[in-house]
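The values are calculated or read from the model by the stated rules, or taken from the named source; none is laboratory data. In this text the structure is predicted, and so the values were computed from the model without any measurement. Cβ coordinates were reconstructed from backbone atoms using ideal geometry, including for glycine residues, and neighbour counts include every protein chain displayed. Surface areas here come from the heavy atoms of the whole protein model, side chains and all, with no ligands, DNA or RNA. Shrake-Rupley method; radii C 1.70, N 1.55, O 1.52, S 1.80 Å.
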Amino acid sequence: MAFKKNSAGQWVPELPEYQLGEAFGAGVWNIGPGGGRFAPAMRPVLSLEETLAHLKTSGLTHVEFHDTEAEPADAEKIMTAVNNAGLKVSMCTANLFKRGPEFANGNFGSEVEHSRKESVRRTQEYIRTGIEIFNAGVYVYWNSSNGFGGPLMVNYKDMFQRTADGLNEVVAWMLKEYGPERALPIAIEPKPNEPVSWGVPADCGEALAIIGLMEPEYQPFVGTNLETCHSLMAGKRYAAELGLAAAAGKVFYVHLNGGTGLKFDEDLAFGDNDFGVAVETVYTLQEVGYNGVVAIDVQPLNTDTPDQQAASLGRSIRNFKRAQQICTERIDAAKLQALRSTANRAELSEYFVSIVSGK
Ligand code: GLO
Ligand code: MG
């Protein structure tokens, strides 16, 4: 989108503003045939037009693309299909993980110079597409293969600094090309593992630390895109991660979904497994004043039939709205704050369960 100066003279992102729950986004990768290492494909492969139609009917207003699904050379044609479907592009992201051997070894923080250079080049190319063609709201850098696999495989200190330096290089280029007024906010999406054993940055704190290692003049242009399941995998409470990012002024975008614990990236529908977490997440998004697109990053279930292509997305949106209705109707902010100030855990738990259960 763009950046503007606040009253203190700092650059802050002008993120698209909506009423919370009015705008929902998802990636084109969030529906499709399924399949992977342990399961065959379940559903037919859809055309882009069919995919966009499914996204629209499941309640989405915005779509996200990797540069491998929407290549820069095809972006104008794809944008026409997006417009025809009545959608907008909320986010775009260069695929720095599943495209070639150069990213087997990490990206910005890699020990391999070619991998670092390719990461910067691909990122710049897709930021250009995001600004010039998609009119995207945000660019996401998901760490993916950035990190390491075992003992002494990287110089740890250099890996963190190199990751920051890669982002420095991208922001410096973006400001030179477009100026702050047209710059696309860059949101780091941390994840602790998968595909690599030790992903960097692993969580919100590490993402903020990497931003802190950047040149001060470039730091305002980079924030976070926190994802529910990634926080869970890191042993963190998603809402608390949101609070940390908000305290730093870095909630640029969100990826909501669900998981069942310290496992793998299950990408379940938001709210399916732990509805209490959904209520806490929605309330926290309200508390931190998030007004951007609520993006859902889920995978269809293997049991979903061909006509259920976007069922996990549709259910995530319904669960979000259910949680939002509960927050509006049942949470008395003043009462909650008064209870918090007593630090009486028993009463706070009683209040929370009464809110979620409605009893
Ligand atoms: C995977 C991530 C992935 C990213 C996407 C956008 O674990 O959640 O889906 O969100 O590539 O960067
Ligand atoms: Mg994600």
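With a cut-off of 13 Å between beta carbons, the residues surrounding G358 carry a summed charge of +2, where Lys and Arg count +1 and Asp and Glu -1. Annotation: lysines with alpha-carbon distance below 27 angstrom to K335 (same-chain offsets under eight excluded): K236, K321, K359. With 29 Å as the limit on Cα-Cα distance, the pairs of K157/K191; K4/K157; K56/K263 that go past it are K4/K157; K56/K263. Which residue fluctuates most in the GNM of the chain (Cα springs below 10 Å): I296, I326, I210? Its mean-square fluctuation being the largest, the pick is I326.
Under the convention that each Lys and Arg Cβ holds +1 and each Asp and Glu Cβ holds -1, the size of the dipole of region 3-329 around its Cα centre is about 120 debye. Considering only protein heavy atoms and a 1.4 Å probe, what is the carbon-and-sulfur percentage of the accessible area of the chain? Carbon-and-sulfur percentage of accessible area, whole number: 52. Relative protection proxy for 93-100, 131-138, 347-354, from highest mean packing down: 131-138, 93-100, 347-354 (other beta-carbon atoms within 10 angstrom). Just name one of V288, N83, M159: the one whose Cα is farthest towards the positive end of the charge dipole of region 3-329 (beta-carbon charges, Lys/Arg +1, Asp/Glu -1). Of V288, N83, M159, it is V288.
Just the C-alpha atoms of region 3-329: what Rg/Rh do they give, with Rh taken as the Kirkwood radius?
Using Cα coordinates only, the ratio equals 0.94.
Give, as a single signed number, the net charge of other residues whose beta carbon lies under 11 Å from the beta carbon of G147, with Lys and Arg counted +1 and Asp and Glu -1. Don't jump to the answer; show the numbers that get you there.
Values: positive: K191; negative: E194, E206.
Charge balance in the 11 Å sphere: -1.
In Å², and per residue, what accessible area does region 203-359 have when probed at 1.4 Å with the other protein chains present? Walk me through the numbers on the way to the answer.
Values: 6840 Å² over 157 residues.
Computed with neighbouring chains in place, this is 44 Å² per residue.
Contact order, relative form, for the chain: 19 percent (alpha carbon pairs under 8 Å, 6 or more residues apart, mean separation divided by residue count).
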